[in-house]
Every structure is written in structure tokens, then in C-alpha cells.
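**Student:** Just passing along the structure, written as C-alpha cells.
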Amino acid sequence: MDFEFFNETELEQMHRATVEILTKIGISTLSDRLKGLLLDNGCKEQGGRILFTEEVIEKALKTVPSNFNLYGRNGCELVIEMGKQKAYAQTCVGAPSVIDLETEEKRDATLKDLEDFAKLADALENIHLISPVFPRDVPQEIIVTSETAATLRYSSKPQRICAESSHELPYIIEVLAAAAGGMEALRQRPIAYIEVSTISPLNSGFHPAEALIDIVEAGIPLGIVPCPMMGATGPVTLAGCVAQHNAEILSSVVASQLLKPGAPVVMSPRVTFMDMKTGLGLWAMPEQGLAAAASAQLAKYYNIPSTVTGYSGAAKVADIQSGYEHLYNALLPALIGTDIIAAAGSLDNCLISCYAMLVIDDELSSVIRHTIAGCEVSEDTLAIDVIEEIVKTNEAFLGHKHTRKHLRAGAFWKPPIGDRSTYDSWAVNKMKLEDKARQKAKELLATHEVVPLSPEADAEIDEILKKALKESTNN
Amino acid sequence: MSQELLKNVLEAVVDGDVEAVTEFTEKAVAAGVKPLEILNEGLVKGIEVVGERFAEGDYFLPDLILGAKAMDAGISVIEPLLTSEKRDFLGKVMIGTVEGDLHDIGKNIVIMMLKSNGFEVFDLGVDVPSKVFVDKVKELKPQIVGISALLTTTVNKQKEIIELLQEEGLRDQVKVIIGGAPINQAWADKIGADGYGEDALSAVALCKNLLGIK
Ligand code: B1M
């Protein structure tokens, strides 16, 4: 399957614009380590900004790995093959609120929600990576460490972690190493990638820059996830905002390679936009999906693995709107080609996580991956001899072995929860998709068993959490 | 002649045209129109039209910002002449994003809306330590302090700032308003803030309300 957002000339224009932005406007940072790294390698400082050169950019782009793998911890067979554009689904990070599964009302996210979302995602076949909701009832000084630990306990699937600042990183990495069986094992078979958010327009700040360096030095795959808003922190035009954003991300990609050639990195474009009446940040369709598709094509152009946000929209409940928004925003970049599609289970522009929506996104992920698997064209699938045989014998395809064989091989997509029954059998319960999703979430939460961490790893993680809390509240 | 020039100033503000506002304001000054008249009948009336159009749905946020910029340009022409006649602000507001938090898009929109509604606003920026909030209250003596926080990990700083204001005996002298994506009324009540703004428009209404402006 081959789709493109930009044609060849436009793609080249987008790249040239990116280079022009990096060489003329450059980036700013408050981190002396990042600044030193870039200047030592041929970038120049001018008026407080760091300007890249074409040579530096090209040199760095040559060493970026085009693919690498992510793994689950013990008990997980899943291997995430980054770079193969398989559109894996990842849960939404950072939602401060959830929709309660029983009351269906919005409320603050708690640690129990984090655990339940991780467990539900662990159970759902088409959700592949876990990123946490932000619980309000854990010590906020070590929140990301606590989240990482809790996620590891309630799911064996690989994780995506957002570094909020640089201070927690050593603990986060220790926790991951404990679960992976040591630091070396973690490097060999990373069970997470860690993302930093630089600030639009073109500012790497202090914490994002420091965290970037620490992550690369620790040998963990790095993700770069700034989040410009069209018309607010980036141009209102899609091409302009995507170009600026691409430059922001590439600046960090370049830094990672200068620090450690060959270090695994992920481009995570997140172009959002603003409601020009209220100022609300929107992750809705169509702009979000179009910009994600455009950005994904750029990552593909550089042969660098990418993630986008696709399972997102402005709807406040799991309903028809959230369904079409998520499908639109996820399918578009998936068709262009991207590795991970984020924000499964989200509502309200990624501010709410919803159990029912996660089950619905599992359904969407299933059909999206089915779609991009494409269609095999071969003698067997063209089936001319079968057509001939049926026509000549006056039989039906229904009774042919070719039909049975391909049906068993998955010729037709099977909706995990979508309804396809006859009217009368549907009319017995008259269940809407949202109701079925809630029911399935409840069932899975009641029955699914997560493969536990080894007792040693579990105990070690407890110690790390204690130490982290003690050290973080002391100073 | 002077009526015509005032109309030009007004229209240029409505258009958000900085150059034209500067030009017509200078012409009006040269023609002997009183600075206070230029301010009230030209610049302020202009921004009021912008506000009305926004409320009616014809104008959007960029129109507001450009209108405010244009008005500011006119004000900087007449400001030196307004020595005895002090500009009338609706009130003095100071706003910042708390320590550990780098989100400023929402805060900036709130500031812009307050300005275009006639408030004098001081921006403390992002990642502002609680102590700086308190020091600035002492220094600038605002009527309202606005505290923005976008992360569940940083909302506690809003509480901390209110407590610090209390400790320093300043809490009675300022109204405290809070805002940001994770903020709700329950949190505002819990930490003893005087109000919370769900978006920029409600933040403006809140400020007016707190200062008893209709
Ligand atoms: C004083 O009186 C008042 C009154 C009203 C006030 C007010 C003050 N302040 C605001 N208001 C109100 O009026 C405004 C106008 O209507 C409104 O302001 P808002 O700020 O709500 O609305 C703005 C106009 C538009 N909205 C925004 O600007 C925020 C949008 C989202 C997408 C967002 C952005 C853009 C960014 N981010 Co960040 N970011 C998210 C946001 C998700 C979302 N959908 O909101 C959120 C807030 N971020 C989050 C996170 C986790 C993070 N972010 C981070 C970084 C960034 C960027 C730098 C990439 C960028 C900020 C750029 C900037 N210059 O501000 C990191 C932290 C950095 C740090 N230490 O601060 C990082 C840790 C990393 C990450 N990407 O996950 C999440 C918070 C999770 C939580 N529970 O706390 C988040 C909800 C996204 C998510 N789902 O993960 C009202 O709240």
C-alpha cells in the first residue's frame, strides 16, 4: 500500500524549508551541555541562538538507525519493530482526568486508574504500548518514577515514558533496569522509550535538553515530542507549522547523533491547533490527522522511526464523534506510514482517559492494522482458475476450498466488538457500541491476569521508590 | 477635521493596523486634538468595537491581539503627553506560570484578553518560583494575582503561593485567581483562591467581578 501526502517536489521543499529554518533561525537552549555539544560539532552561535550547518545536519542524519526493537518485560511476547511502519497503538499519556467506568462521570485520575488502564491495555490485543494517566494521589515529586513502576506491575507490554524534567530520570531508568534484568539487559532489549518535549517555536529549554542528553547517554531509545499549535506557537498554515516542527524535532535528532552516533531515536510529531474563539488546544480532525500524515511522511523521508497522535479528538464522551475523529486522525498517518499511533483511550483533546474509549480504539487499531497490511496480489489471490471453475461448474464460491482457505487466513476483518448481527438478534439487547465497550472493559478488568514481575524485581523497585522519595523530599 | 482623525484612529484599531494607528494618532496630536480625547474617543472606542465583534462571533483571537497591539501603538504616541491625565485602567493584574511548569500559551491569551479589556497587566513569565510571586506582589501591588498551572504535578504550587501570601500578611490585599487545564472550582475552593477561570473570557469576567466592575 503506497500513499503520499506530499508529492516529490513538495517533499523536497519541506526538507529545504526545514534546513533553512535550522541554519537561519536555529534553536535556543538554556542547557550548557546541549549548547557545548552543538557548538563543539560545528554549529554556530549567533544572537543567543544556535545555528546548524547543512554539514552537521547531513552528518547526523547518516548515523540515525532506521529501525530498532522495543520489548515487553518478562511474560510478554510482543516485539515492537520500530521502523517498519506497523502502526502499533499506544495509550494516552498524562490525562489528569478519567471517565469513571461505573458512574460515567469525569473525575480526577488516581493510581488505581493508572493500574486499571494498564491492565485493560495489557488485555486488549490491539493495544501495544502503554503510557500512563497522571495520578493525583502519588507523591508528585517522584510521579513519573511511580507511574513507571505501577505500569510495570500492571502490564507486561512495552512502555512509553514522558520525562517531565531531568531530575527523576536516574530513578526511572533504575526502575526499568530492575524489571529488564539489569542495565545491560535494558540496553540490549529496551522495554521502554523515553520522550522529551522541547518548546515551540524552536526552543530546547533547560530540562528537555538535559533529559535528552541523559537518556541518550543511558542508552535508552529517545523520543522527541514538541507540541506546536497552529496559529499560536507555530504558523497557522499546515506546511509552515509542519516545517517548523520538523526542524524542532530534527534539531534534537541531530544532537542525539552528535552525542552518540547510532543512538536509537524516534520522531514524534504532534502538530495541534487552536480554537480561535476560546483558545482551547485542539487535537481534533481534520487538521490533527492531516498534519500527522504530513509529518510522518517527513520522518519516512529521513528513514527515522516515528510516532504520531491519532486516537484523539475533541469529543467529551465515547460516542459517534469520538469514533469518527479517532478513526480519521489515526488512519491518515497510518496510510502514509508510521510506527506508533498514540493517545488510545483519550477524549477531550487528550485531557481525559476513558475506559470505554480504549476498548473502542482497540477496535479501530485492529481495522487500521488490517488496512495497512494491504492486499496481496498473486496467482492464488487473483484466483482466475477458481473463477473459471465456478463459472463452468455453475457452483457457488461459498462451497469452494479457496474461500475457506482465505477466510481462515483472515481475508475478512472481524470487529472485536462492532455489531454485525441481524436486526432481530441485535434488538434483543439493543446495545450501542459504547455500552458494549463499557461491558467489555468491566469484564476484562475482572478477569484478566497480568503476568507478575519477578518477586526480586518487584522488591528492588520498592527499594528504588523509597530511595527516590527520600532523596526527592530531602532537598 | 478632528472628528475625522478620531474616526481614522478608531477604524485603524478595529483593523489592527499598527502603522495606520501611529500615523493618525500623530496627525491628531499635530492637529491639536487633546490626548485624552484621542485615547477615549479613538483608541479605547476602537478596542471596544473589536471586543463587540469578537463577542458577536465575527472576530477571532488574532483580531483581538492585533487590535490590542494597534491600540498600544497609539497609546505610546500619546503617553508622554498624558503626564497629568493618568490613563484609567480597570485594574492592575499580575500573572505568571508556577515553578516547574513551562506552559504559557493559555496564560498569554488570558493576559491579552485582560489587556484588551482595559486592565494593566504584568507578566511574570513561566517557571516562576512561589517566592517571586510574593516578592512581586510587594513590589507591584496588584489588585489581582493570577496563577497558571497546567500540570497536575505543579498545581500544588498554586496552594503554596496562597499560603505564602498568607504568611506574609498579604493575602487580604490581593485577590487570587487560578487557571489551567487541570484546574476546577473544587480545587479553587480547596486552596482558598478567590476564583478560577475556565478560559480567557471567564478569566476577564472573573477579574471584573472581583473588582466590582459591571
Ligand atoms: C490566572 O488566571 C487564569 C485563568 C485562566 C487560565 C489561566 C490562568 N491559565 C489558563 N487558563 C485558561 O484560559 C486559557 C485560555 O482559554 C486556557 O489555557 P490552557 O493552557 O488550558 O489552553 C491553552 C490556550 C491551550 N493549551 C495549551 O497550551 C496546552 C496544550 C497541551 C497539548 C500541551 C502543550 C502545548 C505543551 N506541553 Co504539555 N501540554 C498539555 C496540553 C494538553 C491539552 N490538551 O491541554 C499537557 C498539559 N501537558 C502535559 C505534559 C505531561 C507535558 N507537557 C510538557 C510540555 C509541553 C510543551 C512544551 C510541548 C507544550 C507547551 C508549550 C507552551 N509554550 O506552553 C511536558 C512538561 C513540561 C513542563 N515542565 O512544563 C510534559 C510532561 C511532557 C509531555 N508532552 O507529556 C499533560 C499534563 C498531564 C498532567 N496530568 O499534568 C497535558 C495535559 C498533555 C497530555 N495529555 O499529556 C485555560 O486553562
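None of the figures in this text is laboratory data; all of them are computed from the coordinates on show. Predicted, not measured: the structure shown is a model, and the values here were computed from it. When we count neighbours, we look across all protein chains shown, and the Cβ atoms used for this are built from the backbone with ideal geometry, even at glycine.
**Student:** So for chain A: antiparallel DSSP bridges make up what percent, rounded to the nearest 5?
**Tutor:** Numbers: 16 of 42 bridges.
Here the antiparallel bridges make up roughly 40 percent for chain A.
**Student:** Next question. Could you give the distance between the Cα centres of region A:332-377 and region A:98-169, to the whole Å?
**Tutor:** Centre-to-centre distance over Cα atoms comes out at 19 Å.
**Student:** Over all directions, average the projected area of the Cα convex hull of region B:92-210 and note it in nm².
**Tutor:** Mean projected area for region B:92-210: 6.0 nm², to one decimal.
**Student:** Count the DSSP beta bridges whose two residues both fall in region B:92-210, then state the antiparallel fraction as a percent rounded to the nearest 5.
**Tutor:** Here the antiparallel bridges make up roughly 0 percent for region B:92-210.
**Student:** Taking all pairs of different Cα atoms in region A:372-466, averaging 1/r and flipping that mean, what Kirkwood radius in angstroms comes out? Don't jump to the answer; show the numbers that get you there.
**Tutor:** Values: mean 1/r = 0.0526 Å⁻¹.
About 19.0 Å, per the Kirkwood formula over Cα pairs.
**Student:** Would you mind checking which residues have amide H under 5 Å from A:ALA192's amide H? H placed 1.01 Å from N; only 5 or more apart, or other chain.
**Tutor:** Hits under the 5 Å cutoff: A:TYR71, A:GLN159.
**Student:** Can you pull the mean other chain C-beta count within 10 Å for peptide B:100-108?
**Tutor:** Working: counts 5, 1, 10, 3, 2, 9, 4, 0, 3.
Partner Cβ neighbours, averaged per residue: 4.
**Student:** What is the magnitude of the charge dipole of chain A about its Cα centre, with +1 placed on the Cβ of each Lys and Arg, -1 on the Cβ of each Asp and Glu, and no other charges, expressed in debye to the nearest 20?
**Tutor:** Computed charge dipole of chain A: roughly 180 debye.
**Student:** Moving to a separate point now. Please report, for the Cα atoms of region A:38-195, the Rg to one decimal and the Dmax as a whole number; what are they, in angstrom?
**Tutor:** Rg, Dmax (Cα atoms, Å): 18.6, 58.
**Student:** To the nearest µm²/s, what D does Stokes-Einstein give for region B:2-82 at 37 °C and 0.692 mPa s, using the Kirkwood radius over alpha carbon pairs as Rh?
**Tutor:** Stokes-Einstein gives a translational diffusion coefficient of 274 µm²/s.
**Student:** Another question about this same structure. Given B:HIS103, B:GLY146, B:ASN156, which one lies farthest toward the positive end of the charge dipole of region B:92-210, if we put +1 on the Cβ of every Lys and Arg and -1 on the Cβ of every Asp and Glu?
**Tutor:** B:GLY146
**Student:** Distance between the C-alpha centers of region A:48-77 and region A:444-475? Whole Å please.
**Tutor:** Taking the Cα centre of each part, region A:48-77 and region A:444-475 sit 30 Å apart.
**Student:** Taking amide H positions as placed in the peptide plane 1.01 Å from N, state which residues far from A:CYS162 in sequence (5 or more) or on other chains have amide H under 5 Å from it.
**Tutor:** A:GLU195
**Student:** Moving to a separate point now. Under the rule of at least 5 residues apart or a separate chain, name every residue whose amide H is placed under 5 Å from the amide H of B:PHE122.
**Tutor:** Those lying under 5 Å, H to H, from B:PHE122 are B:VAL93, B:MET94, B:ILE95.
**Student:** Mind checking A:130-142 for the average number of partner chain beta-carbons within 10 Å of each residue's beta-carbon?
**Tutor:** 2
**Student:** What does the helix-only formula give at 222 nm for chain B: each DSSP H stretch with n ≥ 4 adding -39500 (n - 2.57), the total divided by the residues, and the result rounded to the nearest 500 deg cm²/dmol?
**Tutor:** Helices in chain B give a 222 nm mean residue ellipticity of -16000 deg cm²/dmol.
**Student:** Still on this structure, please answer the following. Please quote Rg/Rh for chain B to two decimal places, taking the Kirkwood radius as Rh and restricting both calculations to Cα atoms.
**Tutor:** My calculation of the ratio gives 1.03.
**Student:** What are the ³J(HN,Hα) couplings of region A:9-15, residue after residue, when phi is run through the Karplus curve with 6.51, -1.76, 1.60 and θ = phi - 60°? Round to Hz, x for glycine and proline.
**Tutor:** Along region A:9-15, the couplings run 5, 5, 4, 5, 4, 5, 5 Hz.
**Student:** Okay, moving on. Subtract the Cα-Cα distance of A:LYS24 and A:GLU104 from 0.36 nm times their separation in residues, and report this length gain in nm to one decimal.
**Tutor:** 23.7 nm
**Student:** Taking the alpha carbon gyration tensor of region A:157-233, what are the square roots of 5 times its eigenvalues, largest first, to the nearest whole Å?
**Tutor:** Ellipsoid half-lengths, sorted descending, are 26, 12, 9 Å.
**Student:** List the trypsin sites (Lys or Arg not before Pro) within region B:84-130 that fall in a DSSP loop (any state other than H, G, I, E or B) and whose Cβ has at most 16 other Cβ atoms within 10 Å. Walk me through the intermediate numbers first.
**Tutor:** Details: sites: B:LYS86, B:ARG87, B:LYS92, B:LYS107, B:LYS115; in loops: B:LYS86, B:ARG87.
The qualifying sites are B:LYS86, B:ARG87.
**Student:** Continuing with the same structure: Taking N as the number of residues in region B:53-161, what is its Cα Rg relative to 2.2 N^0.38 Å? All intermediate terms of the calculation are to be shown ahead of the outcome.
**Tutor:** Working: Rg = 15.8 Å, N = 109, 2.2 N^0.38 = 13.1 Å.
Cα-based Rg divided by the globular estimate yields 1.21.
**Student:** Which lysines, if any, have their Cα less than 23 Å from the Cα of B:LYS45, not counting same-chain residues under 8 positions apart?
**Tutor:** Partners within reach: A:LYS277, B:LYS7, B:LYS27, B:LYS34, B:LYS69, B:LYS86, B:LYS92, B:LYS115, B:LYS208, B:LYS214.
**Student:** Another question, then. Take the Cα pairs of the protein assembly as shown, get the Kirkwood Rh, then feed it into Stokes-Einstein at 4 °C and 1.567 mPa s and tell me D in µm²/s. Present the calculation step by step, with values, prior to reporting the outcome.
**Tutor:** Details: Rh = 27.5 Å.
The calculation lands on 47 µm²/s.
**Student:** Can you run phi through the Karplus equation (6.51, -1.76, 1.60; θ = phi - 60°) for region A:159-164 and list ³J(HN,Hα) in whole Hz, with x for Gly and Pro?
**Tutor:** Running phi through 6.51 cos²θ - 1.76 cosθ + 1.60 with θ = phi - 60° gives 10, 10, 10, 9, 7, 7 Hz.
**Student:** How large is the convex hull of the C-alpha atoms of region B:125-184 per residue, in Å³?
**Tutor:** 79
**Student:** What is the spin-label model distance, in nm, from A:SER472 to B:LYS45 if the labels are put 7 Å beyond Cα along the C-beta direction?
**Tutor:** With each label placed 7 Å out from Cα toward Cβ, I get 5.8 nm.
**Student:** Helix-only mean residue ellipticity at 222 nm, chain A, DSSP H runs n ≥ 4 weighted -39,500 (n - 2.57), per residue, nearest 500. What is it?
**Tutor:** My calculation for chain A gives -14500 deg cm²/dmol from helical runs alone.
**Student:** Tell me, what is a quarter of the convex hull surface for the C-alpha atoms of region A:94-172, in nm² with one decimal? The partial results should precede the final answer.
**Tutor:** Details: hull surface 20.9 nm².
Mean projected area for region A:94-172: 5.2 nm², to one decimal.
**Student:** Quote to one decimal, in nm, the extra length available between A:VAL386 and A:PHE412 on full extension: 0.36 nm per residue of separation minus the C-alpha distance between them. Before the final figure, lay out the partial values.
**Tutor:** On the way: separation 26, 0.36 × 26 = 9.36 nm, distance 1.84 nm.
Full extension from A:VAL386 to A:PHE412 adds 7.5 nm.
**Student:** Given the options A:SER295, A:VAL19, A:ALA284, identify the residue whose Cα lies farthest towards the positive end of the charge dipole of chain A (+1 on Cβ of Lys, Arg; -1 on Cβ of Asp, Glu).
**Tutor:** Comparing the listed Cα positions along the dipole, A:VAL19 ranks first.
**Student:** What are the ³J(HN,Hα) couplings of region B:139-153, residue after residue, when phi is run through the Karplus curve with 6.51, -1.76, 1.60 and θ = phi - 60°? Round to Hz, x for glycine and proline.
**Tutor:** 6, 8, 6, x, 7, 10, 10, x, 10, 9, 8, 10, 10, 5, 7
**Student:** Put +1 on the Cβ of every Lys and Arg and -1 on every Asp and Glu Cβ in the protein assembly as shown; which of A:LEU407, B:PRO80, A:CYS76 then has its Cα farthest towards the positive end of the dipole?
**Tutor:** A:CYS76
**Student:** Most mobile of B:GLY46, B:GLY32, B:GLY118 per a Gaussian network model of chain B (Cα springs, under 10 Å)?
**Tutor:** With Cα springs under 10 Å in chain B, the top fluctuation among B:GLY46, B:GLY32, B:GLY118 is at B:GLY32.
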